Amino acid sequence: MRWLVGWSSIAASFGTVGAVGHHGEGRTVHPVGSQLLWGDPDPLWAVGDWRPDEIRVVTVATPEGAPTTRLAVLGCCGATDEQLRVGLLAARGGALRHLTAWPGSYTAVVQIGRRITVAGDLAGARPVFHAPWANGTAYATAALPLADLIEAQLDIGHLAALLACPETPEALGDGTPYAGVKRIPPGHALILREGSREITGYEAVASLAVAAPQADPVSAVEGVRDALVEAVRARLTAPRHAPETLPPDPGPVPGMGPAERRAARGAPVPGIGADLSGGSASATLALLASGLPGLPGTVLGHGTGAGERLLAVTFNDLSAPGREDEMERARAIAANPRLHHVVVAAGEEALPYASLESGPLTDEPAPSLVVAERHRRRLSAGSADHFVGHGARQVLDAHPARLADLLMDRRRRHLLRPVAALARAEGPSTHSLFVPLAVYRAARRLARTSYRTGLETAASLLPDANRDAPDLDTPADASLASLAWSRPGPAARWLTGEALAEVSVRLQEAALRPAFVQRPGEARARAALARHAADQRILEQAAEIRSQRLHAPYLDNQVVRAARALPESLRVQPGARAAILRRVLAGAGIHDLPPGWGTPSQATSTAAGRIGLRTALPELIALFDAPLLADAGLVEARVVRKALRAASEGEPLPLDGLAELASTELWLRRLVTRRGTCWTGTAAPRQRAVAGGVVPARRTLQP
């Protein structure tokens, strides 16, 4: 786990590096295992196993007595030193957007005198947190260190909102699972001036009164292509790193080759690699990374390096049938001579819910905790720098609520193809005949519903979510449920009435507050992307392989911006993501794709989740025998155990909701039994955040 942390306080100096005063007393405190980037009066540290090239500090020469002007960029950034200096000068004049326009995935921190600016990303994969502390404000890219610093307790109300409405920012607010630790929204920056804080957006604000001019589809797709190519190029041109020294190879093992023995020891393969699932997102990255033209030092300007082949990893789940076509597409793509194909076969040991007793404590809870072992087995066969296709669906696809945006712009004819596709997905039945009319009515209703009315309606319906929860069996049902300003999450049906009532109050209060209102489709799409990016961040922590870096270019700022420029009429069409990525590859000179490329494969992951739940049912029942969630008043243990048994027997219950409950309970148990703290020094906190104990009803976990 890697993070940065710093603070801004009122006092001008404390005399020692990293010193922090409490009521004028100079007492030192610093994070464990930290690297100081700059010192007092507003220090900044990098904590964790950062690579040397992942930390860049640029300082602009200033006249004697002028304020210090410097920029720290942490992560993978494709900007040159000169571009960083230009961005620093632009940020000094207030143009913060320049700090987020470079290729790659990174966090930028600017210090201009006593003013500190920390820019978050657009997707939410690199969030920024802050908390009041020592007559000032501390900030970090992880919430747990700040919770340790201020000795925070759990915010049970936020956990309830996270389970009840995970894709509703109005319910979550700016909170975190730790009381007192706040998160800045995606697309915003945190500005600190001698302890005082300000949160400001750096993206242009679109008008609701006038429809934005529609971009040309051809130029918009070219923009996505250029952004993806630059995102991949930023990773390929970065310095290569060999994995750290591990225990020696024990020698030949029957049935295991060198790659399998290396994976068993927990070491990634040196070089560049990528997922190759057979889907369009991962295949696009693998093909771009293996054949990107024009890279310096490569044979004829092609390939990832001179004589180097890209390692393409395909995960083959032997316990969940139905992936034969996907495996065939992966093999056809891997026939490229610039790819070295590795198939990771796994059975029941890699199903969802496997090895729940092991795993690290993550920054926050997320549904990906129950599939961490599944991903870790795939990634252990990957490379030191590994591309993953996560986020492509949320970035490129159109959220169903965007149909309402089309109606607001009077583009009704563009609804024909998506509505017809939903009707075909229903199959030949009487119900499918009414799907087009039902979807059109729901989209029109959402287009005519104001933001305040939509939230108030959602708040009034939420307390009954545990009694009137619909079964979303078909794509049409899911799309109809998504055509609203807010809807309950899949785990809401198992929450207690008290927890749902508290979240309902949050929605009612949010409806009364003045807020910038986007179009409903755009707002819902951004919320879904933020939710997925947060889950991706936690997955990287839960399935972390030492010396390995996961790269998700679809979540980069420049890729997200380019995708937002795509016309809505293009995004809502069936198969839009595959068509866009096909054009991206064609623009990069890659035309030969296997038949069926871009076919969705969501059904296989659902089947694997049901098999995994059935296999791990005894462990899950034991997990909810006396759950901490029940002690907090969020669920009733008996109800959850009944739902787990029913789902394992094939009852059509939302498996995503059960995964969220299991992940949150698992995270709580790891949190209350943790050892150690993130801080050391003479003024270090005396207790860590949520330092064990039992959960009283509803409010906080007491140590």
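The values are calculated or read from the model by the stated rules, or taken from the named source; none is laboratory data. Please read these numbers as outputs of a predicted model, since none were measured by experiment. Don't worry about glycine lacking a Cβ; one is built from the backbone with ideal geometry, like all the others, and counts go over all protein chains shown. Note: accessible area is taken over every heavy atom of the protein model, side chains too, but ligands, DNA and RNA are not part of it. Shrake-Rupley method; radii C 1.70, N 1.55, O 1.52, S 1.80 Å.
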Residue match in region 668-686 (condition: within 22 Å of H532 (Cα to Cα), at pLDDT 95 or above and not hydroxyl-bearing (S, T, Y)): yes
Single unsatisfied condition, E194 versus (1) at positive phi; (2) modelled with pLDDT of 95 or more: (2)
Of the criteria (1) more than 18 Å from M1 (Cα to Cα); (2) outside any strand (DSSP E or B); (3) among the β-branched types (V, I, T), which one V342 fails: (2)
Filter pass, A125 being touching a residue at least 60 places away in the same chain (Cβ under 8 Å), in contact with a helix residue (DSSP H, G or I) (Cβ under 8 Å, 6 or more places away or on another chain), hydrophobic (A, V, I, L, M, F, W, C) and open to solvent by less than 10 Å² (accessible area, probe 1.4 Å): no
Criterion: over 30 Å from D275 (Cα atoms), under 29 Å from the mean Cα position of the chain (by Cα) and among the charged types (D, E, K, R) - qualifying residue of D405, D385, D409, D363: D405
Where a residue in region 173-194 is open to solvent by 60 Å² or more (accessible area, probe 1.4 Å) and its partner, wherever it lies, is modelled with pLDDT of 95 or more and among the aromatic types (F, W, Y), with Cβ under 9 Å and at least six apart: K182/F129
Top-ranked residue in region 503-517 [being open to solvent by 40 Å² or more (accessible area, probe 1.4 Å) and in contact (Cβ under 8 Å) with a residue 40 or more places away in the chain; ranked as farthest from the chain's Cα centre (by Cα)]: L512
Cβ pairs under 8 Å, 6+ apart, first in region 151-163 and closer than 29 Å to A683 by Cα, second of a type in the set (K, R): E151/R686; E151/R688; I156/R698; I156/R699
Residue that is modelled with the lowest pLDDT, among those in region 557-577 that are small (G, A, S) and either part of a helix (DSSP H, G or I) or open to solvent by less than 30 Å² (accessible area, probe 1.4 Å) (or both): S569
Residue satisfying condition, being part of a helix (DSSP H, G or I), open to solvent by less than 20 Å² (accessible area, probe 1.4 Å), without any contact (Cβ under 8 Å) to a residue 60 or more places away in the chain and β-branched (V, I, T), within set V395, V419, V370: V419
Residues that are open to solvent by 30 Å² or more (accessible area, probe 1.4 Å) and in a loop (DSSP other than H, G, I, E, B), drawn from region 373-392: H390
Enumeration of residues in region 131-147 that are open to solvent by 10 Å² or more (accessible area, probe 1.4 Å) and of a type in the set (S, T, N, Q): N135, T141
Cβ pairs under 6 Å, 6+ apart, first in region 657-682 and within 16 Å of G33 (Cα to Cα), second among the small types (G, A, S) and open to solvent by less than 40 Å² (accessible area, probe 1.4 Å): none
Residue count, region 118-138 (criterion: under 11 Å from H188 (Cβ atoms) and either in contact with an Asp or Glu (Cβ under 6 Å, 6 or more places away or on another chain) or of a type outside the set (D, E) (or both)): 7
Output for region 318-358, where each listed residue is touching a helix residue (DSSP H, G or I) at 6+ places or on another chain (Cβ under 6 Å), surrounded by 15 or more Cβ atoms within 10 Å (Cβ to Cβ) and not hydrophobic (A, V, I, L, M, F, W, C): S319, R323, R338, H341, P352, Y353, S355
Pair list, Cβ < 6 Å and 6+ apart or interchain, from region 535-546 residues that are within 21 Å of Q394 (Cα to Cα) to residues that are part of a helix (DSSP H, G or I) and of a type in the set (S, T, N, Q): D535/S368; I538/S368; L539/S368
Residue check, L84 more than 22 Å from the chain's Cα centre (by Cα), at pLDDT 95 or above and assigned to a strand (DSSP E or B): no
Some residue of region 648-658 being open to solvent by 50 Å² or more (accessible area, probe 1.4 Å), in a helix (DSSP H, G or I) and farther than 23 Å from A346 by Cβ: no
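Residue by residue, here is whether (1) part of a strand (DSSP E or B); (2) touching a strand residue (DSSP E or B) at 6+ places or on another chain (Cβ under 9 Å); (3) open to solvent by 50 Å² or more (accessible area, probe 1.4 Å) holds:
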residue	(1), (2), (3)
L37	yes, yes, no
D40	no, yes, no
W45	yes, yes, no
V58	yes, yes, no
P63	no, no, yes
P67	no, yes, yes
Residue in region 444-467 that is touching a Lys or Arg at 6+ places or on another chain (Cβ under 8 Å), closer than 30 Å to W102 by Cβ and surrounded by fewer than 24 Cβ atoms within 10 Å (Cβ to Cβ) present: no
Whichever residue in region 626-639 is assigned to a helix (DSSP H, G or I) and over 20 Å from G157 (Cβ atoms) and, among such residues, is most open to solvent (accessible area, probe 1.4 Å): R638
Identity of the residue in region 424-443, over 32 Å from the mean Cα position of the chain (by Cα) and open to solvent by less than 80 Å² (accessible area, probe 1.4 Å), that ends up modelled with the lowest pLDDT: S429
